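A short worksheet on the structure shown next.
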Amino acid sequence: MFERPSAGNQVVLVQVDFGEPDISERLEELQLLATSAGGTVVAEIRCKRKAPDPATFVGQGKVQEIAHCLRAEDGDVVIFNHALSGAQQRNLERALDARVVDRTSLILDIFALRAKSHEGKLQVELAQLEHLATRLVRGWTHLERQKGGIGLRGPGETQLETDRRLLADRVKLLKSRLEQLERQRSVRRRARARNELFTVSLVGYTNAGKSTLFNALTHAGAYCADQLFATLDTTTRRLYVGDGTTVLLSDTVGFIRDLPHALVAAFHATLEETASADLLLHVIDGASAAREQQTEAVLGVLEEIGAREVPQILVVNKIDLTHAEPGCERDEHARIDRARVSARTGAGLDSLRSAIAEYAAAARSGVPAAAGG
């Protein structure tokens with residue numbers, strides 16, 4: 001759907017500072033996004049503005065600077081770490097004579113690259129089409145009425161109207177297929193509920209180490225890599241946590257700040273698995289300087305999908321890089337609310353299993369998880 005920055009694309013990144021406190025972390029994240037999409041970053045351009053320029057987002061002077069940088073670095077793609085309007089994207093591409101990709105399109109593209117399951121591919125395509133619908137005019141500069149004549153006597157629609165109609169038909173079909181898959185998932189959820197299996201979902205910012213932790217706990221061999229959105233398709237495995245207790249543990253898609261609403265909507269059925277869990281393990285990259293902002297971004301998405309009230313343990317991962325001590329902490333109600341682990345070395349995993357077992361035992365007894373004595 002979107003032409004991705006492939007290996008060989010020379011990418012120029014653009015970050016505008018509107019007064020946010022963590023610009024360096026945002027730019028570092030954009031670098032990871034660009035390389036995750038297959039591009040090679042050749043230059044970065046930063047600037048400060050009070051507000052976006054309505055026509056080009058950055059203003060005419062900065063557009064000229066970007067154009068000069070493209071020529072100097074032999075760049076062919078410009079990636080903005082912001083959401084651009086269709087008109088801004090169109091104006092920039094015309095002025096720069098290069099492909100311009102905004103943050104939303106870039107994230108959608110990475111999702112398209114990572115999706116492996118049938119449902120994942122349908123969800124990504126739906127998100128892409130709904131995003132495309134907001135800027136469909138971009139692909140059509142003629143927009144004149146279809147002319148009559150032999151073989152050209154069309155239905156009286158402009159090309160744009162025809163495309164909108166075809167796009168709407170495809171969106172309707174995708175939603176129908178996804179609703180059918182969601183009904184099948186609901187049946188499986190009810191079966192799990194009848195079996196009284198305690199369900200745990202891993203959530204967290206992308207690249208926080210969820211899949212590595214999932215593998216360390218379950219020995220499942222799920223794909224994990226030091227890249228953004230390495231996991232898209234939910235994987236579920238049984239996990240024995242001691243005291244004769246087995247739970248279901250699910251690894252889910254990672255979140256990111258300013259996650260495109262089209263993606264949240266398209267993946268809503270998958271994300272409902274998170275909202276229906278009995279316990280969330282909110283994995284945090286303890287070695288990241290932006291961990292507080294990343295934590296807030298995840299909590300924002302959990303709020304959006306109705307999972308904010310699900311019991312949650314903050315799992316601070318990568319303590320092998322921060323030299324923190326493994327173990328668990330309790331809140332004022334004696335519930336375990338934080339665990340420090342290293343998914344890579346295994347430090348703290350026994351304590352985490354015990355914490356999960358404590359929550360599962362409390363759920364069976366109908367009493368909130370508290371100190372085990």
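For the reader, a short list of remarks on this structure follows.
- Sequentially through the range 59-64, phi angles give Karplus couplings (6.51, -1.76, 1.60; θ = phi - 60°) of x, 5, x, 6, 4, 5 Hz, Gly and Pro residues having no value and appearing as x.
- Dipole size of the range 254-356 about its Cα centre, with +1 on Lys/Arg Cβ and -1 on Asp/Glu Cβ: approximately 340 debye, rounded to the nearest 20.
- Ordered from highest to lowest accessible area with the whole protein assembly present and a 1.4 Å probe, His333, His131 read as His333, His131.
- Of the peptides 278-290, 21-33, 206-218, the order by per-residue mean of other Cβ atoms within 10 Å, starting with the highest, comes out as 206-218, 278-290, 21-33.
- Loop GluC sites (Glu not before Pro), the range 262-362 (other Cβ atoms within 10 Å of the site Cβ: 16 or fewer; DSSP): Glu309, Glu332
- Amide H contacts under 5 Å for Arg330, placed H, 5+ residues apart: Asp337
- Backbone phi angles across the range 167-176, fed through the Karplus curve with coefficients 6.51, -1.76 and 1.60 (θ = phi - 60°), yield HN-Hα couplings of 5, 4, 4, 5, 4, 4, 5, 4, 4, 5 Hz in residue order; Gly and Pro are listed as x.
- Gap separating the Cα centres of the range 236-253 and the range 320-350, nearest whole Å: 18 Å
- Across the range 15-32, rounded Karplus estimates of 3J(HN,Hα) from the backbone phi angles (6.51 cos²θ - 1.76 cosθ + 1.60, θ = phi - 60°) give 10, 9, 9, 9, x, 6, x, 10, 4, 4, 5, 5, 5, 4, 5, 5, 4, 5 Hz, Gly and Pro being marked x.
- Annotation: amide H-H contacts under 5 Å for Phe255 (H modelled 1.01 Å from N, sequence separation of 5 or more, or interchain): Gly204, Tyr205, Thr206.
- Charged-residue dipole, Cβ positions (Lys, Arg, Asp, Glu), the range 1-130 about Cα centre, Debye nearest 20: 180 debye
The values are calculated or read from the model by the stated rules, or taken from the named source; none is laboratory data. These figures come from a predicted structure and were not determined experimentally. Heads up, the Cβs are rebuilt from the backbone with ideal geometry, glycines too, and the neighbour counts pull from every protein chain shown. Accessible surface areas use protein heavy atoms only, side chains included; no ligands, DNA or RNA. Shrake-Rupley method; radii C 1.70, N 1.55, O 1.52, S 1.80 Å.
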